[in-house]
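As structure tokens, the structure follows; a few thoughts come after it.
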Amino acid sequence: MNQVRFGVIGIGNMGTSHSNWLVNGQIEGAVLTAVCDTDEKRRQWAKDEWGDKVAVFADYTELLDSGLVDAALIAVPHYLHPEMAIAGLKRGLHVMVEKPAGVYADQIREMNVEAAKHPELKFAMMFNQRTNPLYQKVKTILEDGTIGDLRRVSWMITSWWRTQKYYDSSAWRATWSGEGGGVLVNQAPHQLDLLQWLCGMPVKMEAHLKYGSHRDITVEDDVTAYFEYENGATGSFITCTHDALGTDRLEIHGDNGKIIITDSQHVTVKKLRKPEDVLNHELDFRQMLALVKGQAGEKLYDEESFSCPENWEQQHIDVLINFTNAILCGEELIAPGTEGIKAVEIANAMFLSDWCGEMVSLPVDGTKFYKELQKRVEKEQNSHV
Ligand SMILES: NC(=O)c1ccc[n+]([C@@H]2O[C@H](COP(=O)([O-])OP(=O)(O)OC[C@H]3O[C@@H](n4cnc5c(N)ncnc54)[C@H](O)[C@@H]3O)[C@@H](O)[C@H]2O)c1
């Protein structure tokens, strides 16, 4: 194969962007040959836009069976991701899934089991922030051991401002039945994936969620979570969609220093000249104060800063290029599909903790989570009757 023929399932906001990048030749080695959407208007738009160059389907299984595609890119509402990915893999197609991997961990486990049966196929997630050079550099700094073992991570990501008109723009958004949640399944999956990609998976989670806070929606739009790691390190994660003056600040604190990232664009790395454990044993209170105030004749830490402008479009294009190269020449995937479950596990744990009023262990109890989710789906559906 010297060219990957893509079929995009779902040509709404995101699927249309993917399709355009493919049609415009921005993904070397890839071409758009088919799209699918259940919405007649979107199908007509595709026909008007691309004519005979791109086949248009109403049923995704027809696209998968058409013989016109080597890879399926799934950009429909989240609940459908695992089912469509499994269908693609079963037909011998490479699959890329938009974030999040799905809504509940059990459906994603099924998808991963299917993927494991097809090691010859490339299965990837669209975690576009993983190609952001800034986060790639931060990951290298962490892996180099610059700041030592993790002690604490905190991410305040309240810059996901969404107005009521956004929520009202399509029926599936911000509902338990159509979307499976709010900020934790739509916006924050980007940060939840980065969090685990950079710092690993937490083992315990406690969270407090607010539902329809300042918005007319039934799902969560305000989250405050506390979590713990295997080594005893702690974390906090705060997100919401109703803050017009939102904050994006990630701090990762280790034995030997800390990394501060603001607005996903500016990074400061502070490396202690001696590990905190050593200073803890060496210094008395006066010496400690002198060092902190810069009066000790030596510095507490060395500092390095850098910035990287955020390029949302290029991030996606780079993930698509990586996926294409993985198919054509075996390049290592930046975001393997099987890793999609991790961000979903973290979100599921946050929900379950709030719903049950307790600290929960990860991996979450999938059956319990699904049952609790169904209660909310049913309540929402009954309220519409
Ligand atoms: N990576 C990112 O930055 C990013 C950004 C936006 C959205 N997304 C993800 O992309 C997915 C889609 O989000 P969106 O904002 O484009 O939503 P959207 O509502 O704009 O588009 C979804 C499209 O899927 C179609 N669809 C629904 N069910 C279908 C089915 N069974 N078969 C075929 N088509 C079907 C709808 O008609 C619609 O056109 C979501 O999972 C979302 O999380 C990712």
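The values are calculated or read from the model by the stated rules, or taken from the named source; none is laboratory data. For clarity, every value in this text was computed on a predicted model and none was experimentally measured. Heads up, the Cβs are rebuilt from the backbone with ideal geometry, glycines too, and the neighbour counts pull from every protein chain shown.
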(request) Go through the residues of segment 352-360 one by one and say whether even a single one is aromatic (Phe, Trp, Tyr) and assigned to a helix (DSSP H, G or I). (result) yes
(message) Step by step: first the residues of segment 2-25, then only those that are part of a strand (DSSP E or B) and buried (at least 19 other Cβ atoms within 10 Å of the Cβ), then the one that is farthest from the ligand (Cβ to nearest atom). Which residue is that?
(response) 4
(message) Under 8 Å between Cβ atoms, which residue pairs at least 6 apart in sequence (or on different chains) link something in segment 295-315 that is over 27 Å from residue 285 (Cα atoms) with a partner that is modelled with pLDDT of 95 or more and of a type in the set (Ser, Thr, Tyr)?
(response) 304/268; 305/268; 310/264; 313/17; 314/131; 315/131
(request) Search segment 119-162 for residues being touching a Ser or Thr at 6+ places or on another chain (Cβ under 8 Å) and of a type in the set (Phe, Trp, Tyr), and hand back the single one that is farthest from residue 263 (Cα to Cα). (result) 123
(message) Quick check on my filter: what residues within segment 55-84 are β-branched (Val, Ile, Thr) and either within 9 Å of the ligand (Cβ to nearest atom) or within 21 Å of residue 40 (Cβ to Cβ) (or both)?
(response) 56, 61, 74, 76
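Per-residue answers, yes or no, for (1) surrounded by 14 or more Cβ atoms within 10 Å (Cβ to Cβ); (2) more than 15 Å from residue 22 (Cα to Cα); (3) in contact with a helix residue (DSSP H, G or I) (Cβ under 7 Å, 6 or more places away or on another chain):
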| site | (1), (2), (3) |
| --- | --- |
| 37 | yes, yes, yes |
| 40 | no, yes, no |
| 60 | yes, yes, yes |
| 64 | yes, yes, yes |
| 71 | yes, no, yes |
| 81 | yes, yes, no |
(request) Tally the residues that are touching a Leu at 6+ places or on another chain (Cβ under 7 Å) and of a type in the set (Asp, Glu), restricting the search to segment 327-385. (result) 3
(message) On the basis of being more than 10 Å from the ligand (Cβ to nearest atom), in the same structural domain as residue 13 (by TED's automatic domain parsing), surrounded by fewer than 20 Cβ atoms within 10 Å (Cβ to Cβ) and small (Gly, Ala, Ser), does residue 116 make the cut?
(response) yes
(message) Restricting to segment 41-66, give me the number of residues that are in contact with a Ser or Thr (Cβ under 9 Å, 6 or more places away or on another chain) and either of a type in the set (A, V, I, L, M, F, W, C) or part of a helix (DSSP H, G or I) (or both).
(response) 11
(request) Out of 357, 294, 330, report the one residue that is at pLDDT below 95 and at positive phi. (result) 294
(request) Would you check if residue 115 is assigned to a strand (DSSP E or B) and within 14 Å of residue 333 (Cβ to Cβ)? (result) no
(request) Select the strands (runs of 3 or more DSSP E) contained entirely in segment 190-296, then report the ones holding at least 3 residues which are β-branched (Val, Ile, Thr). (result) 234-240, 257-262, 266-272
(request) State whether the residues of segment 156-163 include one that is under 30 Å from residue 300 (Cα atoms) and more than 16 Å from the ligand (Cβ to nearest atom). (result) yes
(message) With the structure loaded, tell me whether residue 103 is more than 9 Å from the ligand (Cβ to nearest atom), surrounded by fewer than 22 Cβ atoms within 10 Å (Cβ to Cβ) and not in a helix (DSSP H, G or I) or whether it fails that test.
(response) no
(request) Only residues in segment 79-101 that are more than 20 Å from residue 185 (Cα to Cα) count as the first member; pair them with residues that are near the ligand (Cβ under 9 Å from one of its atoms) and among the aromatic types (Phe, Trp, Tyr), Cβ under 6 angstrom, at least 6 apart or cross-chain, and list the lot. (result) none
(request) Within segment 26-40, identify whether any single residue is in a helix (DSSP H, G or I) and within 15 Å of the ligand (Cβ to nearest atom), and answer yes or no. (result) yes
(message) Test of understanding: among 331, 304, 298, 372, which residue is farther than 22 Å from residue 200 by Cα, assigned by TED's automatic domain parsing to the domain that holds residue 8 and away from the ligand (no atom under 16 Å from the Cβ)?
(response) 331
(request) Just need a number here: residues in segment 120-161 that are basic (Lys, Arg) and out of contact with any strand residue (DSSP E or B) (no Cβ under 8 Å at 6 or more places or on another chain). (result) 2
